[in-house]
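Have a look at the structure below, then the notes.
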Amino acid sequence: MASASRSFARALRAANVSLRTPSTRTARFLAPQQTVRPQWRRGYASGQQEPSEKYEGNPSGLIVGAGALVIGAVGYATYTQKPEWFGQEKVVKPFTPRFEDYQKVYDTIAHELQEKDNYDDGSYGPVLLRLAWHASGTYDKETNTGGSNGATMRFAPEGDHGANAGLKAARDFLEPIKQQFPWITYSDLWILGGVCAIQEMQGPKVPYRAGRADRDIAFCTPDGRLPDASKDESHVRAIFGRMGFGDQEMVALSGAHALGRCHTDRSGYDGPWTFSPTTLTNDYYKLLLEEKWAWKKWNGPKQFEDVKTKSLMMLPTDLVLIKDKSFRSHVERYARDNDAFFKEFSDAVLRLFELGVPFQQPEDQRWTFKSSFD
Ligand code: HIF
């Protein structure tokens, strides 16, 4: 408001309109004050004028003065409403998106997932989920760095990390949606993409909060924060422990490998984990327990294949879940009980997606988006 008044005064000065009263006496009184108290010029009460100072000019001066005041008031009102008429930039009120606006973005992602069905096994869903997880999974609880706040994978150092190979497909899928809804940050959009992918692939509802900010290249995380699939249980615990997760949550999250596949031109590994890689079920746990897994004989990195069909795969880090006793108890529970898996997966993935984000939206006011199945 103060700067608007200043700009208006400047505009009037430029148009040679004086706000000062024509009384020479008052003008004389004002002149020295203006040099030390510039707010006089803005016409605000200063408390400096003596009560005995009365107007003693002639009445025609009074009329002209009153006229100038009226013109000034009308002009000021016009200026604040239509600053562009005075050569100032129009002040655009900030748009505060609400639940309905985010639901529109969700619906657009869901629509595009259905439209673009000639990718991989028929859906971009799995790679969208992997983007959301890799954006979040850089979090380090000790330093409170990394996590989904920032979308720093947009920049070469982080985008080029070996673990992120192939995620350009997901970022490119979301780019036109970002152009369509320019008010949403990349950071919020990538996580919304993950939430939408889970729900649209018939997974559980994953409540969501908005408020992530995009950050610059300086916030890129160092390489090595995401897991290495060739390692053992101590590595899995170290990586997820750094994010603040315990055994049960690690196993619950791992059910996401029911979705998607490995690509030789990305990670070097090959094949899907389940027979239905675009539908979220507890099949990952069932297959881990029920199938016989053997080392695949090939020239690629060491991975397992199912002995029966040789069409499914498991990473060394997946097999760890049935070798380690503590992990295995949860695998058995989720294999028996899909509802328990859905509930605990939703809780864990929600936590993953929120790591390190300084939200304004309170925890008890998360949004749950309608999916295309509702
Ligand atoms: Fe994955 N994961 N992930 N992952 N991941 C791959 C693919 C997907 C690990 C390795 C790989 C999780 C944990 C781990 C998804 C989701 C999640 C690939 C194949 C590898 C190598 C990439 C490619 O070649 O395209 C390791 C070592 C993890 C720690 C144990 C999470 C729990 C399971 C956190 C998770 O949510 C999804 C989805 C895919 C499929 C991507 C696709 O393009 O189809």
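Candidate cross-link partners of K168 among the aspartates and glutamates, defined by an alpha-carbon separation under 15 Å and a same-chain spacing of 8 or more, comprise D120, E158, D160, D265.
Each peptide in 167-173, 212-218 gets a packing score, the mean of other Cβ atoms within 10 Å over its residues, and the list from highest to lowest is 167-173, 212-218.
By the count of neighbouring beta-carbon atoms within 10 Å, fewest first, L128, L226, L355, L259 end up ordered L226, L355, L259, L128. Among 200-211, 362-373, sorting by the average number of other beta carbon atoms lying within 10 angstrom of each residue, highest first, gives 200-211, 362-373.
Here each label is just a point 7 Å from Cα along the line to Cβ, and for I71 and A340 those points are 8.3 nm apart.
Close amide H pairs (under 5 Å, H built 1.01 Å from N) link T145 with D140, residues at least 5 positions away or on another chain. Straightening the chain between D101 and K323 buys 75.3 nm, computed as 0.36 nm per residue apart minus the Cα-Cα spacing. Between V64 and F86, full extension at 0.36 nm per residue minus the direct alpha carbon distance yields a gain of 5.5 nm. For the cross-link pairs K292/K325; K231/K325; K231/K310; K104/K178; K104/K205, the ones whose C-alpha atoms lie over 20 Å apart are K231/K310.
Annotation for region 174-204: chymotrypsin sites (Phe, Trp or Tyr not before Pro) lying in DSSP loop with at most 11 further Cβ atoms inside 10 Å of their Cβ do not exist. An oblate overall shape is assigned to region 224-270, the ratio a/c of its alpha-carbon gyration tensor axes (a ≥ b ≥ c) being 1.5 or greater and a/b not exceeding b/c. The modelled label-to-label distance between H235 and K370, using points 7 Å beyond Cα along the C-beta direction, is 4.5 nm. Residues whose amide H comes within less than 5 Å of that of G150, counting only those at least five positions distant or on another chain, are S187, A213, R215 (H built at 1.01 Å from N in the peptide plane). In terms of surrounding Cβ atoms within a 10 Å radius of their Cβ, S234, S267 rank from fewest to most as S234, S267. Amide H contacts for C262 (H built 1.01 Å from N in the peptide plane; partners 5 or more residues away or on another chain; cut-off under 5 Å): G271.
Measuring r between the beta carbons of A218 and E175 and using R0 = 30 Å, the FRET efficiency lands at 0.85.
Applying a DSSP loop filter and a limit of 15 other Cβ atoms within 10 Å to the chymotrypsin sites (Phe, Trp or Tyr not before Pro) in region 265-336 leaves F275, W298. Label point of Q361 set 7 angstrom out along Cα-Cβ; within region 149-177, amide nitrogens under 20 Å from it belong to 149-152, 174-175, 177. Could you tell me the distance between the Cα centroids of region 243-301 and region 141-183, to the nearest Å? Their Cα centres are 23 Å away from one another. Where a ≥ b ≥ c are the square roots of the eigenvalues of the C-alpha gyration tensor, would you call region 298-339 rounded, which needs a/c under 1.5, or, failing that, prolate if a/b is larger than b/c, or oblate? It is oblate, given that a/c is not under 1.5 and a/b is not larger than b/c. Applying the criteria of a DSSP loop state and at most 11 other Cβ atoms within 10 Å to the trypsin sites (Lys or Arg not before Pro) of region 82-112 yields K90, R98.
Since every read-out is calculated from the coordinates, none of them should be taken as a lab result. Quantities reported herein were computed from a predicted structural model and do not represent experimental measurements. FYI the Cβ positions are ideal-geometry reconstructions off the backbone, even for glycines, and counts take in every protein chain you see.
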